[in-house]
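Read the structure below first, then the notes.
The values are calculated or read from the model by the stated rules, or taken from the named source; none is laboratory data. Not measured: the values here are computed from a predicted model. Backbone-built Cβ (ideal geometry, glycine too); neighbour counts: all protein chains shown.
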Amino acid sequence: MNSLAHSLDLLADAINPLLVLALIVAPLLVCRRAGEPLPWSFWLRSALAIALVYLVAHFDRRWHIWASWGSDYSTHSALALAAALSLACFRRHWLNFLLPLLLLYGALMLVLGYHTVTDMLTTALLVVPLTLLCHRVRSTRPVEATA
């Protein structure tokens, strides 16, 4: 592997861990600065979205769902999407940074041969709605009786 490819590989390998770290740290810093309570519900929904990424990967390994149409479930893309979309659900304006980062990551995966465009898009078609659904689920308080 030449030095450019090695550098691109290191960059690609760093994106998901950095997104997960941001998922934990950024909301903590924002809430502390704003004097808001810790975002436990957000972290729980984000963890659920990431757990679903790996649950789908497990099902795909077991039943070869993506392989049945000549594709490959992209766990790389799925984790990046779940983490980035979760962050965007916390603060929508963070998409200004996250969307270009996701596009860069997709380009890196394509150039490095990790995944095809079809792998990434078909993965996104499932992961995006699942992640958004996780963040739409809210705990409901019992309605207080009025007497």
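Structure summary
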{"read-out": "Check on Phe97, part of a helix (DSSP H, G or I), more than 26 Å from Leu11 (Cβ to Cβ) and aromatic (Phe, Trp, Tyr)", "value": "no"}
{"read-out": "Qualifying residue in the stretch 54-66 (condition: outside any helix (DSSP H, G or I) and at positive phi)", "value": "yes"}
{"read-out": "Unmet criterion (only one of (1) within 27 Å of Thr118 (Cα to Cα); (2) loosely packed, with under 13 Cβ neighbours inside 10 Å) for Asp72", "value": "(2)"}
{"read-out": "Criterion (under 23 Å from Val137 (Cα atoms), of a type in the set (A, V, I, L, M, F, W, C) and crowded, with 18+ Cβ neighbours inside 10 Å) met by exactly one of Val20, Val30, Val25, Val53", "value": "Val53"}
{"read-out": "Selection within the stretch 1-44 - of a type outside the set (Val, Ile, Thr), over 28 Å from Ala107 (Cα atoms) and part of a helix (DSSP H, G or I)", "value": "Leu28, Leu29, Cys31, Arg32, Arg33, Ala34, Trp40, Ser41, Phe42, Trp43, Leu44"}
{"read-out": "Condition met for Ser77 (closer than 16 Å to Asn16 by Cβ, touching a residue at least 12 places away in the same chain (Cβ under 8 Å) and small (Gly, Ala, Ser))", "value": "yes"}
{"read-out": "Any chance Leu102 is in contact with a helix residue (DSSP H, G or I) (Cβ under 7 Å, 6 or more places away or on another chain) and closer than 28 Å to Arg136 by Cβ", "value": "yes"}
{"read-out": "Residue pairs meeting the criteria (Cβ under 7 Å; at least 6 apart or on separate chains; first modelled with pLDDT of 95 or more, in the stretch 92-108; second of a type in the set (Gly, Ala, Ser) and surrounded by fewer than 16 Cβ atoms within 10 Å (Cβ to Cβ))", "value": "none"}
{"read-out": "Any chance Trp40 is more than 20 Å from Val128 (Cα to Cα) and more than 17 Å from the chain's Cα centre (by Cα)", "value": "yes"}
{"read-out": "Any hit, the stretch 60-74, residues being within 20 Å of Val20 (Cβ to Cβ) and touching a residue at least 60 places away in the same chain (Cβ under 8 Å)", "value": "no"}
{"read-out": "Conditions (1) farther than 15 Å from Ala83 by Cβ; (2) under 11 Å from the mean Cα position of the chain (by Cα); number of the one not met by Ala49", "value": "(1)"}
{"read-out": "Selection status of Thr131, assigned to a helix (DSSP H, G or I), within 13 Å of Tyr73 (Cβ to Cβ) and either touching a strand residue (DSSP E or B) at 6+ places or on another chain (Cβ under 7 Å) or in contact (Cβ under 8 Å) with a residue 24 or more places away in the chain (or both)", "value": "no"}
